[in-house]
1. Using the Cα centre of the stretch 153-299 as origin and beta-carbon charges of +1 (Lys, Arg) and -1 (Asp, Glu), tell me which of 156, 246, 227 is placed farthest towards the positive end of the dipole.
2. Applying 1/(1 + (r/R0)^6) with R0 = 30 Å to the Cβ-Cβ distance of residue 416 and residue 386, what FRET efficiency is obtained, to the nearest 0.05?
3. Between residue 236 and residue 264, what length comes free when the chain is fully extended (0.36 nm per residue of separation minus the Cα-Cα distance, one decimal in nm)?
4. In what sequence, highest mean first, do 402-415, 83-96 appear when ranked by Cβ atoms within 10 angstrom?
5. Given contacts defined as C-alpha pairs under 8 Å and at least six residues apart, what's the relative contact order of the stretch 257-317, whole-number percent?
6. For Cα pairs less than 8 Å apart in space and 6+ apart in sequence, what is the mean separation divided by the residue count of the stretch 153-299, i.e. the relative contact order in percent?
7. Please state the shape class of the stretch 153-299: rounded when a/c is under 1.5, otherwise prolate if a/b exceeds b/c and oblate if not, all from the C-alpha gyration tensor.
8. On full extension of the chain, what length is gained from residue 290 through residue 311, given 0.36 nm per residue of separation minus the C-alpha to C-alpha distance?
Amino acid sequence: MSKKKTTLISLLVIVSLAIIIIAVVTPSLTPFFQPRSDLPPEIDEADETQIATNNDSSSNQTAATTNNTTTTTIMPTTIDIVSTTSAFPFVQRWAAQYENQQSASSGNVNVDYLADREIILADGVSGRSDLAIVGVPDETNNTLEVPVSAQAVAIVYNIPSFPDIPSGLRLNSTMLFLILNGNITWWDDAAIKDLNPTLNLPHERIVVVHSSDDDNNSNNNNGNSSSSLVLLKQYLGLQSLNWPKNDSIVASGPAELAEMVRKIPYSVGYVDFSYAVQTRMTYAAIGDADGDYIVPSMQSIGRAVDVALQFHNSSTDRSSSLQQQEHPPPTINRSRIVSGSYPIVGLYYASLLANDDDRDKEEEGRRNAAMLDFVEWIISESGGQQTLLEVQYPPIYPGNQQLATYAEIVIDTIQNSLTN
């Protein structure tokens, strides 16, 4: 009886082990016994590639559809600008602040600084730039100009007397001419002392510093002179100016000219007022037609622009077609400058090409839109005009509706040219 019981227990153990083995092994064997119709289809490598491509295409289409229903990302357009070096102190600020304030804008600004004559030579050449900032409007090429800032020339000097001669040394047109052409060579010359009886002028030779842009300018016209020298010659009533043969130094441009005057004792030169402000130079009080002596400042420069800004022909008539040859841009009429106005004043302009036939039309439209947006920012009261205060230049657009109208006409002319 015990033998049968032992045999029965052994069978039960064997059966139990068999059941456990079947339970463990069966799931792994199921695919081999599953009907072919129930198995997922096998995919070869070529089919996998095709499906992946279709999935990517589908994803792209979905993304495109999503973009159409939300917002479209606009790739930034680079605005290529050339600028006269004399405008560097505020043009560099315009470029940086425009990009900062217009974070959602499609325009980035790239500026190259050139001498005035280099800009004139390049002006009108296909692909030269989208925009030029110039001190002298160019009437020889198919361009339109929008005034963007006042331009003033400061007569700067370095006289380390005891005490140092501060800003305000009096110089009139006659005295300045005699100094710059080498006829007056000493700072304590009797003629200078007569204008400045309270100053302790030293018996030191005058060193004239001028720009290489204006070297040997006696045989050149205004197109080959810097805009600063053009304004200076207008004040002096001269067509040309001969520098001293001995006591003169040539600088490579306005930045080096300013640096040289700051470093060389008893030197004198001429720079844009923004350079004089930025580098904290001493500058002269300049005699006007009434015999008053005016130091350049935001107020005296602003007054000159207010009273002497002149519009030509019908340049603010919206019904007329604006072409540069028929409607030159506004200028400063020196004969209108009155007492209290700084007398060596002009304007800076944004010089715009109406179109470029060699450029792809779609690209041209995109770049012109970005360019015009930048120009509109420059002349806006809260944009570029506000920036001018940092270099003590007065904004020229606030309160001047006639100037604003002229600028609108130029911008409209450029925009209309894109559709033709």
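1. It is 246, whose Cα lies furthest towards the positive end.
2. Taking R0 as 30 Å, the efficiency between residue 416 and residue 386 is 0.55.
3. Details: separation 28, 0.36 × 28 = 10.08 nm, distance 2.50 nm.
Once the chain is fully extended between residue 236 and residue 264, it gains 7.6 nm.
4. Descending packing order for the listed peptides: 83-96, 402-415.
5. Details: 30 pairs, mean separation 10.8, N = 61.
Here the relative contact order equals 18 percent.
6. 40 percent
7. Rounded, because the longest to shortest axis ratio a/c is under 1.5.
8. Result for the pair: 5.1 nm of gain on full extension.
Coordinate-derived values only; no laboratory data. Here the structure is a predicted model, which is why all the values come from computation and not from measurement. Because the Cβ atoms are built from the backbone with ideal geometry, glycine has one as well, and the counts that use them run over all protein chains shown.
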